[in-house]
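What follows is a short report on a single structure.
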Amino acid sequence: MNQNRRFLLKGTLAASVTGIAISAGLLTPKAVMAAWAKQAFEATDVDTALNAAMGSAATTDSDKVKLKAPDIAENGAVVPVTVSSSIPGADVIGILVSTNNQPLTATFNLGAKTEADISTRIKMGKTADVIAVVKANGKLYSARKQVKVTIGGCGG
């Protein structure tokens, strides 16, 4: 019984200290905000976005990059996408939509021992190629799939 009480008190104290530190501005996401790739996300074409986000636009098609997306998306505002890779040393995964006004929809920085497997939902303005790009050992590998959108999600 005493161990449960101690555990509760420790947890409450830790949460309180963290809350106070955040309120006081001692803990802020400065490092995350500094890593914001503004040029990449504001780019209006795929090559410029890739150059800004990953340092190159030269990709190689690879069967080791798996892209799962629906053939037809009934609502372009919420298109489920899964990207995985079996390429050793994968450290960044990017998702682009070729015809969006700003094609880069997401980038994921992976830790050294992180499995290269992500799932998310993206917005698509109209029918387009969804492009998954994996950066591994300084090279870019990609896979693409056309997704037909029946209801626009980016203002459509």
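The values are calculated or read from the model by the stated rules, or taken from the named source; none is laboratory data. None of these values were measured; they are calculated from a predicted model. All Cβ positions, even for glycine, are placed from backbone atoms using ideal geometry, and neighbour counts span all protein chains on display.
Side notes on the structure shown:
- The set of residues in region 85-117 that are closer than 18 Å to Asp61 by Cα and surrounded by fewer than 19 Cβ atoms within 10 Å (Cβ to Cβ) comprises Ser86, Ile87, Pro88, Gly89, Asp91, Val92, Ser98, Asp117.
- Conditions (1) within 13 Å of the chain's Cα centre (by Cα); (2) in contact (Cβ under 8 Å) with a residue 24 or more places away in the chain; number of the one not met by Leu110: (2)
- Ala73 vs. criteria under 17 Å from Asn137 (Cβ atoms) and buried (at least 18 other Cβ atoms within 10 Å of the Cβ): no
- Filtering Ser98, Ser84 for residues that are in contact with a helix residue (DSSP H, G or I) (Cβ under 9 Å, 6 or more places away or on another chain) and either touching a residue at least 60 places away in the same chain (Cβ under 8 Å) or hydroxyl-bearing (Ser, Thr, Tyr) (or both) leaves a single hit, Ser98.
- The residues in region 36-52 that are without any contact (Cβ under 8 Å) to a residue 60 or more places away in the chain and either among the acidic types (Asp, Glu) or within 22 Å of Gln146 (Cβ to Cβ) (or both) can be counted, and the count is 5.
- Cβ separations smaller than 9 Å between residues 6+ apart or across chains give no pair from region 119-132 residues that are outside the structural domain of Thr82 (by TED's automatic domain parsing) and over 7 Å from Ser98 (Cα atoms) to residues that are at pLDDT 95 or above and not charged (D, E, K, R).
- Test: residue in region 91-98 that is acidic (Asp, Glu), closer than 20 Å to Ala40 by Cβ and touching a strand residue (DSSP E or B) at 6+ places or on another chain (Cβ under 8 Å): yes
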